[in-house]
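Engineer: For reference, the structure I am asking about is given below.
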Amino acid sequence: MQKEMEREASFHPEIELIVKNAHLSPEKQIDQIHELLDEKIDLLIACPDEAKPITPIIDETYKKGTPVILVDRNILSDNYSAFIGASNYKIGVEAGEYATAILKGKGNVIEIGGLDTGSSADIGRHTGFLDFVKSHPGIKYVKRLNEDWDNTKKLAEQQLTEELRKTNNLNLIFCQNDRIGLGAYQVCKNLGIEKKIFIIGIDGLPGRNGGIEMVENGLLKATILYPTGGKEAIQTALNILNHKPYHKNSELLTTVIDSSNVRIMRMQNEKVLAQEEDIDKRQKKIEEQIAISKNQSNIIITISITLALALIFGGILFYYLQENKKITKKLELQKQQISDQRNQLIELVEKVNEANTAKFNFFTNISHELRTPLTLIMGPLEDALASPKLHFTIKNNLDFIHRNALRLLRLINQLMDFRKIEQNKMSLQASENNITDFVNEITSSFRGLAYKKSISFNVTSKAKDLKLWFDVTMLDKVLFNLLSNAFKFTAENGAINVTVSKSVNGNTAIIKIEDTGIGMTQKDVDHAFDLFYQGHSSTFKGTGLGLSLSKELITLHHGVINVSSQKMKGTTFEIILPIGNDHLQPNEIISEKPELITTYEDIKIYTTDMEPLELQKEAIAVNKENSILIIEDNSDLRAFLDKRLGMEYEIYMAENSDKGKLMAFDIVPDLIISDIILPGQNGIQLTETLKQDIRTSHIPIILLTAKGSMEEQIKGIRSKADAFIVKPFNLEYLEETVKNLLKNRMMLREHYTSELPIENRSNSSSKIDRKFINAFTSIVENNISNEEFSVDDICKEIGISKVQLYRKVKALIGYNVNDYILNVRMQKARYLLKDLQLSISDVSFKVGFSSQAYFSTVFKSRFSVTPSEYRERKKV
């Protein structure tokens, strides 16, 4: 468990894992928890030795606000954040069920436990076993023995020996763990009855003298696998600290290990242990490389300074040499002119030849040249990102750089591979490998992504030991590309299935990758493998290189790749490769078998687009009066704009035009920023729709685009967009544009309210807004005398919701609807009070007040005089 925790924590340099061992002493464990709390830890992971003594300190820790995760064993209260472990009661039931099965429902059993009878594990296992056995009358539960098999083994063996001699016809011994089971076997062997009595243990640990080895060697009849939960504990801790969802009670699965499955379990454990050892070695190697990289950086800096000084002195020397050459050139000018003409002719011929060569080599060279600065960017960048002291605002920016550097690296790699194929420099280096193992190796890199996106990811092999001749460095690019596309286009809670099978005639192997993603139109399917082709209907835009390169690599294998798809139902890619090596040329076969290793670079460059970039934000107490809706299909750009503008404005985000349109109608933001190239309606069409709708016609809209032509800008302005900004744009310019548009909207609002509420000017920048204001004020003025008149009546007349009415009126005239209605009534009342023929009671009735007293109270609160005093002043 501890090794699992340490290994999982090593993948998260931002956390520090402190481990303490109480050696089965509850008192020492309590002291250690106090020590950790004094160190101001952020989260406590505890494995209680005994439930009762540990419960108070866990309760105290949890109530003080420190999250607590319990692993393996529980306490006697619910005051904890999460529990991770197997159900000891179910383990006891499984042991009872297995014992009943092998005894065929009849026999005598005893139970052996340790001295820790107060632990939740001991209680659960004992209760589960006893409950199940009691439900079968044929099974007689003789008794339970309790002794310390770790420290007083001889005493424990003596106690068991005496019991075995007293009890006749004993058929089975149930042991609380495998160590006790080993001791019980040795006692039975000493008495010569080891073959007459079945022994069941619990833990199922791998390695020497572990439960798996004892079952395989026949010492135990069976053992119940008890998972450790170390990895899950660290993952749950990270979710709690990062305020992500987690389960309070996570029950780990168990199983019975006996002669029927022990060999498989041993092999799986050996493979897992080998992989864990390999991970440890790789981690040490990475640390060594980081240290080497730091030393190299220092050397490079020293060399750079030395070169800079050399260049300075060289420049000075060069200047004086040039002055000397000028004097010499004046004397040899005529001779030099003839020589220059001849040299120019020679250089011209050389340049023509170089141009022809450069034409073919440029593509390859520029790609190689780009990889060097990219390596120098990504090395220090990843070094910086690994620092636990990095401020999150800097880390956010570095994350953006890192993701886009990986995108550029993937594009360069694909371009270089295509260049090699075009020049016939990429040759097949095939070796015989197990295709099932190879596919499992590649797909394992996507398990974490599938978990994060809640995607059902299944890998099935219908041919377990299928050998195939292929180039591992080529086929892994194909599989990585197809799998990354499947995950990119499959939404959460979708499914991706990978199947390896053999054709009916047995001549070919088939690798099938199926997803339940958004699918493709028939046009996209027909052109899927065309170079630089981009589908027009998908949410994600690529370069059009990946599928075309995949087809070329499969062609080099003398195979075929097919695609079938239905819009909104999913896509299936099928790779068909010939079995055997008769189809290969001698130069396409290599004798040495390469290792099937999935590189860090392969995983990162193919999954960087799919994982959402999580940005941390600094909590700033700002009164955010204005809201902005950002409609952009690029998740990184959305996150970046949210980070930059979110400190001053309330930000809402949508990834496509359909969702953006619904959000605009629902929340009625103060301003909209939209990309032009969007899934569904483009930005120009969306702008026209919003500007023609009475609910959103007043909202300023900024259009972003990568197309900077004058024609595109004219289209944007014709769609009634308020601003048009070309990518890449200056952020300060965008911020000032937002401020300016909101300021203009404020000035327009003041225009509408300059003579509020009687005079309504019509010099609006929008006919739809003028129409709305005219309709709104007309409805209010026509219902002044109606005391039952309300906001609901206005909504019915105009045909919009309450929320939309409040926001639109607030945006255009800066008033609450109810305040506006009351102001109109008071203005009307002032006008009517000038008519001496109307009584104050008549005036109150005409402006919608049934009570004269209430009317007088409201009038005085507005104008600081009563209606009678106001009328008297007007007479004078």
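Engineer: Could you say which residue among Tyr652, Tyr733 is of a type outside the set (A, V, I, L, M, F, W, C) and over 26 Å from the mean Cα position of the chain (by Cα)?
Structural biologist: Tyr733
Engineer: Inspect all residues belonging to segment 4-25 and state whether any of them is among the hydroxyl-bearing types (Ser, Thr, Tyr) and out of contact with any helix residue (DSSP H, G or I) (no Cβ under 7 Å at 6 or more places or on another chain).
Structural biologist: For segment 4-25, residues among the hydroxyl-bearing types (Ser, Thr, Tyr) and out of contact with any helix residue (DSSP H, G or I) (no Cβ under 7 Å at 6 or more places or on another chain): present.
Engineer: Could you tell me which numbered condition Ile631 fails, if it satisfies all but one of (1) in contact with a strand residue (DSSP E or B) (Cβ under 6 Å, 6 or more places away or on another chain); (2) β-branched (Val, Ile, Thr); (3) surrounded by fewer than 22 Cβ atoms within 10 Å (Cβ to Cβ)?
Structural biologist: Ile631 satisfies all of (1) in contact with a strand residue (DSSP E or B) (Cβ under 6 Å, 6 or more places away or on another chain); (2) β-branched (Val, Ile, Thr); (3) surrounded by fewer than 22 Cβ atoms within 10 Å (Cβ to Cβ) except (3).
Engineer: For the structure I just gave you, tell me whether Tyr820 is under 30 Å from Leu662 (Cα atoms), part of a helix (DSSP H, G or I), of a type in the set (Phe, Trp, Tyr) and open to solvent by less than 20 Å² (accessible area, probe 1.4 Å).
Structural biologist: The answer is yes for Tyr820.
Engineer: Here's another thing I want to ask about it. State all residues of segment 170-192 that are assigned to a loop (DSSP other than H, G, I, E, B) and either open to solvent by 40 Å² or more (accessible area, probe 1.4 Å) or over 22 Å from Ala101 (Cα atoms) (or both); if no residue qualifies, say none.
Structural biologist: Of everything in segment 170-192, just one residue is assigned to a loop (DSSP other than H, G, I, E, B) and either open to solvent by 40 Å² or more (accessible area, probe 1.4 Å) or over 22 Å from Ala101 (Cα atoms) (or both), namely Gly192.
Engineer: Could you grab the pairs with beta carbons closer than 7 Å, sequence gap of 6+ or different chains, first residue in segment 135-152 and of a type in the set (Phe, Trp, Tyr), second one assigned to a strand (DSSP E or B) and open to solvent by less than 40 Å² (accessible area, probe 1.4 Å)?
Structural biologist: Partner pairs satisfying both residue conditions: Tyr141/Val109.
Engineer: Is it the case that Tyr870 is outside any loop (DSSP other than H, G, I, E, B), among the aromatic types (Phe, Trp, Tyr), open to solvent by less than 70 Å² (accessible area, probe 1.4 Å) and closer than 27 Å to Phe665 by Cα?
Structural biologist: no
Engineer: Now for a different question. Which one of Val858, Val809, Val865 is over 29 Å from Asn744 (Cβ atoms), within 60 Å of the chain's Cα centre (by Cα) and either modelled with pLDDT of 85 or more or open to solvent by less than 20 Å² (accessible area, probe 1.4 Å) (or both)?
Structural biologist: Result: Val858 is the single residue among Val858, Val809, Val865 that is over 29 Å from Asn744 (Cβ atoms), within 60 Å of the chain's Cα centre (by Cα) and either modelled with pLDDT of 85 or more or open to solvent by less than 20 Å² (accessible area, probe 1.4 Å) (or both).
Engineer: I'd like to verify a number: residues in segment 647-667 that are open to solvent by less than 10 Å² (accessible area, probe 1.4 Å) and either within 17 Å of Val726 (Cα to Cα) or outside any helix (DSSP H, G or I) (or both), how many?
Structural biologist: 1
Engineer: Then there's this: Can you name the condition, by its number, that Glu157 falls short on among (1) open to solvent by less than 30 Å² (accessible area, probe 1.4 Å); (2) more than 21 Å from Asn261 (Cα to Cα); (3) among the charged types (D, E, K, R)?
Structural biologist: The one condition Glu157 does not meet is (1).
Engineer: Sticking with this structure for a sec: Being assigned to a helix (DSSP H, G or I), aliphatic (A, V, I, L, M), open to solvent by less than 100 Å² (accessible area, probe 1.4 Å) and at pLDDT 80 or above is true for just one of Ile327, Ile299. Which residue is that?
Structural biologist: Ile299
Engineer: Between a first residue in segment 774-793 that is open to solvent by 60 Å² or more (accessible area, probe 1.4 Å) and a second residue that is in a loop (DSSP other than H, G, I, E, B), which pairs have beta carbons less than 6 Å apart while being 6 or more apart in sequence or on different chains?
Structural biologist: Pairs that qualify, where the first residue is open to solvent by 60 Å² or more (accessible area, probe 1.4 Å) and the partner is in a loop (DSSP other than H, G, I, E, B), are Ser785/Gly848; Glu787/Gly848; Glu787/Ser850.
Engineer: Please specify each residue of segment 295-336 satisfying the condition of being under 30 Å from Pro380 (Cα atoms) and either touching a Leu at 6+ places or on another chain (Cβ under 7 Å) or of a type in the set (Gly, Ala, Ser) (or both).
Structural biologist: Ser297, Ser304, Ala308, Ala310
Engineer: If you don't mind, there's one more thing I want to ask. For residues that are of a type in the set (D, E, K, R) and within 18 Å of the chain's Cα centre (by Cα), scanning just segment 470-522, find the one that is most open to solvent (accessible area, probe 1.4 Å).
Structural biologist: By that ranking, first place goes to Glu492.
Engineer: Here's something else I'd like to know. From the set of residues in segment 68-115 that are under 45 Å from the mean Cα position of the chain (by Cα) and among the charged types (D, E, K, R), which is least open to solvent (accessible area, probe 1.4 Å)?
Structural biologist: Asp72
Engineer: Can I ask one more? Hey, among the residues in segment 549-570 that are hydroxyl-bearing (Ser, Thr, Tyr) and in contact with a helix residue (DSSP H, G or I) (Cβ under 8 Å, 6 or more places away or on another chain), which one's modelled with the lowest pLDDT?
Structural biologist: Ser550
Engineer: Among residues belonging to segment 440-460 that are at pLDDT 90 or above and open to solvent by less than 30 Å² (accessible area, probe 1.4 Å), point out the one that is nearest to Leu556 (Cα to Cα).
Structural biologist: Of everything passing the filter in segment 440-460, Phe457 is nearest to Leu556 (Cα to Cα).
Per-residue answers, yes or no, for (1) free of Cβ contacts under 8 Å to residues at least 60 places away in the same chain; (2) in a strand (DSSP E or B); (3) open to solvent by 40 Å² or more (accessible area, probe 1.4 Å):
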residue: Gln235; (1), (2), (3): no, no, yes
residue: Ile240; (1), (2), (3): no, no, no
residue: His247; (1), (2), (3): no, no, yes
residue: Val256; (1), (2), (3): no, yes, no
residue: Ser260; (1), (2), (3): yes, no, yes
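Engineer: Restricting to segment 116-135, and then to whatever is open to solvent by 40 Å² or more (accessible area, probe 1.4 Å) and among the charged types (D, E, K, R), can you tell me which residue is modelled with the lowest pLDDT?
Structural biologist: Only one residue fits best here, namely Asp116.
Engineer: Give Ile725, Ile758 a once-over and let me know the one that is part of a loop (DSSP other than H, G, I, E, B), over 22 Å from Asp693 (Cβ atoms) and either modelled with pLDDT of 75 or more or in contact with a helix residue (DSSP H, G or I) (Cβ under 8 Å, 6 or more places away or on another chain) (or both).
Structural biologist: Criteria check complete, one pass: Ile758.
Engineer: Every residue in segment 677-689 that is under 16 Å from Ser719 (Cα atoms), without any contact (Cβ under 8 Å) to a residue 60 or more places away in the chain and open to solvent by 10 Å² or more (accessible area, probe 1.4 Å), please.
Structural biologist: Leu678, Gln681, Asn682, Ile684, Gln685, Glu688, Thr689
Engineer: Same structure, new question: Could you please find all residues in segment 213-232 being part of a helix (DSSP H, G or I), open to solvent by less than 10 Å² (accessible area, probe 1.4 Å) and modelled with pLDDT under 90?
Structural biologist: Within segment 213-232, Gly230 is the sole residue that qualifies.
Engineer: Give me the pairs: first residue in segment 82-111 and on the phi > 0 side of the Ramachandran plot, second residue polar (S, T, N, Q), beta-carbon distance under 6 Å, and six or more apart or on different chains, which are they?
Structural biologist: The qualifying pairs are Gly107/Asn171.
Engineer: Still on this model: Which one of these does Ser484 not meet: (1) modelled with pLDDT under 90; (2) out of contact with any helix residue (DSSP H, G or I) (no Cβ under 8 Å at 6 or more places or on another chain)?
Structural biologist: (2)
Engineer: Would you confirm whether any residue within segment 843-854 is touching a Phe, Trp or Tyr at 6+ places or on another chain (Cβ under 6 Å), open to solvent by less than 70 Å² (accessible area, probe 1.4 Å) and part of a loop (DSSP other than H, G, I, E, B)?
Structural biologist: Yes: segment 843-854 contains one or more residues that are touching a Phe, Trp or Tyr at 6+ places or on another chain (Cβ under 6 Å), open to solvent by less than 70 Å² (accessible area, probe 1.4 Å) and part of a loop (DSSP other than H, G, I, E, B).
The values are calculated or read from the model by the stated rules, or taken from the named source; none is laboratory data. Keep in mind that what you see is a predicted model, and the values were worked out from it rather than measured. Cβ coordinates were reconstructed from backbone atoms using ideal geometry, including for glycine residues, and neighbour counts include every protein chain displayed. Surface areas here come from the heavy atoms of the whole protein model, side chains and all, with no ligands, DNA or RNA. Shrake-Rupley method; radii C 1.70, N 1.55, O 1.52, S 1.80 Å.
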